[in-house]
Amino acid sequence: MQFKKTALSWGIALATPLFLAACGGDDNKTHAVQSSEAKSFNRIAVYPVCMQADPTCNSDDATAAEIVAASTDGMTLIYTDSPKEQLGFVDITNPATPTGLGVLPLAGEPTSVAVKGNYALVGVNTSSDFVSVSGLLVVVDIATRSIVHSIDVGGQPDSVAVSPDGSYAAVVIENERDEDLNDGALPQMPAGNLVIVKLTGEPADWTSNTVDLAGLADLYPTDPEPEFVDINADNIAVVSMQENNHIVLVDLSDGSIVNEFSAGSVDLTGIDANEDDVITQNESLDDVLREPDGVSWLSTEYFVTANEGDLDGGSRSFSVFNTAGEVVYEAGNTLDQLTARIGHYPESRSENKGNEPENAEYGVFGEDQLLFVNSERASVVFVYDVADYTKPVFKQVLPAGVGPEGALAIPSRNLLIAASEEDSRGDVIRSGLNIYQYSTAAASYPTIVSNDREDGSPISWSALSGLSADPSDSKLVYAVDDSYYKKNRIFTLDVSAQPAVITAETRIVDTNGVLATLPLGTLPAGTVNEDKTVNIDPEGVAKLADGSFWIASEGKGSLIDGPVSSMNVLIETDANGVIQQAVTLPAAVNLLQRNNGFEGVAEHEGKLYVAFQRAWQTEDKVRIGIYDINAQSWSFLFYTLDAPESQNGGWVGLSEITALGNGEFVVIERDNQGGPDAVIKRLYKFDTTGLANGATVSKTLVRDVLADMKATGGLVTEKIEGLALLENGDLLMVNDNDGVDDSNGETQLLNLGKLF
C-alpha cells in the first residue's frame, strides 16, 4: 500500500513534521520555528493517591485526584478527592519523588480547589439530592491543613477560580441535573448561578454576592447549568454553560455581564462516528454543538474552551474565542486523528464524543506560551504553542492516567500537573497526579506513531499483542492487534526511527475460504466478514524468511471459564495477509482448553513454538506447543511458572515467545497486575536442545523488566505482550494497551538493549 505521506523524522523533541501536518499545514510549520524547539515535557513521576491511605496502595477503596492546585511556592499540591470526601496534600519539593502529606476530611464532596495566598479555597457539595441543593466554599490553611472558615454559597459548587491579583474568587454553582430523570432532559430546577467572593482582609471578612445567569441561553434559559470558570488579568470571569452550549463573561468588580453568546457548532469530517470495533476516520457529523466544559484565558482578549460535550453535542475539539464571541481557531478533527496516530483513540466512544476534551490550561514557560488540553477518554494531554493565540501549533502529546480531569501549569518550577480521576483496582486503574517537567531532554512519548492511509487519515492502531523482527531487514518489525478490534491486521513498523513509525497495515483476509474448512465449532460464526477480512484473536506473530506470517490466535472459554466459543488456531498468511492454512491442536489437547491459550509464536528450523498463557485443565504447568510445519505434527514441552507474588494476588502467565537461535527461546512471564500491585514482569530463557516430548524446560532469568517499566515515569502497565530480537542484537518489548478500554492507552515500545 502506498501512502500520501512517508515516515518523517520523529526524533526531534517537539512538534514533529507529521503531527504538524495533521494540525494545520504549512502555516503551522512556519509558526513552529517561533517556539523554543529545544525544550519538551516529559513525565517524571506519578503519585497514586491511594498511597495516602496505604503506602503500598493495598486497598480496594476508590480514591480520586480530580482537580489540582498548588501552593504559591509550587511545592505543595492540593487535590480534591470526591469519593472519599476529602482534600489531599502532596509534597513535590522534589517533583520526581512526590510524598503524601495526608488528607483533610470535609463535610461533603469536594468539587474544585484554587489557591489564594496561604489558603486553599475548596468548593464542597453538601446537597442531599438534586433538588435540595447546598454547598460551601471552605477555606483551608495550607500549612496546617486545617479549615479556618466556610462560606455558604447556596447551592452545589462545581468550579472555583481565584483572580490573578488575588482580589476575587468566582464559584460556579451548577446545581447539576439528574441524568436518570427524564433521561437527563432539561430544564431541571433549581437553576445554577455564579457566586463572587471578594477576598479582602482575613477569610472571616470576605463577602459574597450572586450573579443570576438565567435567561441568557437560548436552549434552556431557565436552567443555566454553569460548568467551569476562569478569570483573566482584568478580573473578567469566563463561565461555560455546558448543556446550554453558552458562554458568559462577567465583570467581577460589579457582577455585570460583559458579554454572552452561544458556543456554536461545527461540521466534523474525517472522524469515526460508529462504534463497530474498527477505527475508520472517514465519516462526518454536521452541526455538532461544542458544549464546552473547561475554559482557560490565554490573555485578556482570548480564551480557549475544551469541548467535551454532554447533553446534545461534543465536537471532540478545542476552540479559541475572542471576547466578542468570535471563534478564531477551531481544532476540528485533529485531536481525534492525533489520538489514532499514537494508539490512544477510544473506538468505544465513537458514537459519543470521541477523545472527549475535558479541560484546558495555559502557562508561560520562559518565552514559551503553552496551552494544555486534557483528553478524558484518550487519557493524554495535548501541548500547543500559542505564541499566536489565533494559530495554536501542536507541540507534543503526554501520556496520563485514566481520565485526566484537572490540569495545572507551574511555570516557576517548569512543571505541569494532570490529575487523573479514574480509580478501579479490579480494572488495574489507579487515580493519580501525573507530574511532567519541561527541560531540554528530548520528548520520550509517544514511542510509536503512524503514517497516513491513502485517504489522508492516520493508520489507526492499538492493542498490540505480539512482535516479530523481519528476518532480512533489521529496520523492520511486525505487530498484530488482538480481538479488541475486528478486521485484524499485521502492522509494519520502522524501528530505525524514534519514535517507531507504523508504515503499513495489512488486513488478514480469508479469500481462499481456508477457515471454512476447519472443524465445526473451531471458530464462531461471523469470523469471516463479507469483505473476507477476519475477526480472530491474534496474540502472536512470526515473520518467516520466505515472507509468510504465522499468527497465533487465542481461543476463548472452557468448562472452567465458560463454554468454549473459539479454539486456539495457528494461521499462516502470505506476505499480503491472505490466509494459506490454519492448524488446530490435537483433539485430546483441545479437551483441556482454558480461557488463556495461545499467547505467542516463534519459528526455529521449520518448527513453530507456541507459548500457552496458563496451565490448562488437570495440568500444573504451562505448555509450549511445537508444530512441525512439514510433518504437520504436534509435540509439547512444559514450563513452570513463578508463583504469584503481588499483594493483590492474581495469576501469572506467559505472554510471548521469541527465538534466540540454537534451540534457545526467551519468554515474557508476567502477572495480571499493574501499578503498585505489579511484581512479576520478567524475561526468562530456556534451551530446548535434546528435550523429548513432554519434558519440562529449565528456565534462567534474563532480566526483571519491572525497573525498565517504572523508568517511563508512569505507573506500571499490566500487559507486556510483545518481544522482537533485532539483527543487531537489540531486544524490543511492547505492551498491549487494551484498546484504550479500562486503560490509559499508553503504549511503551522499549529497547532493552543487547541481553544475549
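The values are calculated or read from the model by the stated rules, or taken from the named source; none is laboratory data. Values in this document were obtained by computation on a predicted structure and should not be read as measured data. Glycine also receives a Cβ, built like all others from the backbone with ideal geometry; neighbour counts cover every protein chain displayed. Keep in mind that these areas ignore ligands, DNA and RNA; they rest on the heavy atoms of the full protein, side chains included. Shrake-Rupley method; radii C 1.70, N 1.55, O 1.52, S 1.80 Å.
Structural remarks
- Top positive-direction residue, dipole computed over the chain with Cβ charges, set Val610, Asn693, Ala582: Asn693
- Whole-angstrom gap from the range 387-416 to the range 451-529, using each part's C-alpha centre: 33
- Computed about its Cα centre, the charge dipole of the range 116-218 is approximately 480 debye, with only Lys, Arg, Asp and Glu carrying charge at their Cβ.
- Gyration tensor verdict on the range 383-469 (Cα atoms; rounded if a/c is under 1.5, prolate if a/b is larger than b/c, oblate otherwise): oblate
- Estimated FRET transfer efficiency (Met75, Thr618; beta-carbon r; R0 41 Å; 0.05): 0.10
- Isotropically averaged projected area of the range 448-552, using the convex hull of Cα atoms (one quarter of hull area), nm²: 7.3
- Debye intensity ratio in log₁₀ form over the Cα atoms of the range 91-224, taken at each q of 0.14, 0.15 Å⁻¹: -0.69, -0.77
- Inter-part distance where the range 633-712 and the range 190-265 are each reduced to a Cα centre, Å: 58
- Mean separation of Cα pairs under 8 Å and 6 or more residues apart, divided by the residue count, gives the range 132-215 a relative contact order of 22 percent.
- Equivalent ellipsoid semi-axes - Cα gyration tensor, the range 299-449, angstrom: 23, 20, 14
- Global geometry of the range 320-384, whether rounded, prolate or oblate, following the gyration tensor of its Cα atoms and the 1.5 cut on a/c: oblate
- The relative contact order of the range 564-643, computed from alpha carbon pairs under 8 Å that lie at least 6 residues apart in sequence, is 18 percent.
- With DNA, RNA and ligands ignored, accessible area of Thr99 (1.4 Å probe; Å², nearest 10): 70
- Under 19 Å from Lys116, Cα to Cα: lysines that are on another chain or at least 8 residues apart: Lys198
- Under the simplified labelling scheme, the Asp218-Asn512 pair shows an inter-label distance of 6.1 nm, with each label point 7 Å from Cα along Cα→Cβ.
- Modelled FRET efficiency - R0 35 Å, Ala711 with Ser424, Cβ distances, 0.05 increments: 0.90
- Hull shadow area, averaged, the range 569-664 [alpha-carbon convex hull, nm²]: 7.7
- Hydrodynamic radius by Kirkwood, which averages 1/r over all alpha carbon pairs of the chain, in angstrom: 27.1
- The range 97-158: relative contact order in percent, alpha carbon pairs under 8 Å with at least 6 residues between: 28
- q = 0.14, 0.25, 0.26, 0.28 Å⁻¹: log10 I(q)/I(0) that the Debye formula gives for the range 46-111, counting C-alpha atoms only: -0.37, -1.12, -1.19, -1.31
- A dipole drawn for the chain from +1 and -1 charges on Cβ atoms has a positive end, and of Val601, Thr207, Thr527 the residue lying farthest that way is Val601.
- The magnitude of the dipole of the chain, with charges of +1 and -1 set on the Cβ of Lys/Arg and Asp/Glu and taken from the Cα centre, is near 2920 debye.
- Length gained when the stretch Asp574-Asn630 is fully extended (0.36 nm per residue, less Cα-Cα span): 18.5 nm
- Convex hull volume of the C-alpha atoms in the range 529-587, normalised per residue: 98 Å³.
- Projected onto their three principal axes, the Cα atoms of the range 45-164 cover extents of 42, 37, 20 Å, largest first.
- The gain in end-to-end length when the Thr640 to Val148 segment is fully stretched comes to 171.1 nm, 0.36 nm per residue minus the alpha carbon separation.
- Förster radius 41 Å - calculated FRET efficiency between Ala442 and Asp561, Cβ distance, rounded to 0.05: 0.40
- Extents of the range 707-756, largest first, come to 36, 20, 11 Å (Cα atoms, principal axes, whole angstrom).
- Straightening the chain between Asp286 and Asp165 buys 39.4 nm, computed as 0.36 nm per residue apart minus the Cα-Cα spacing.
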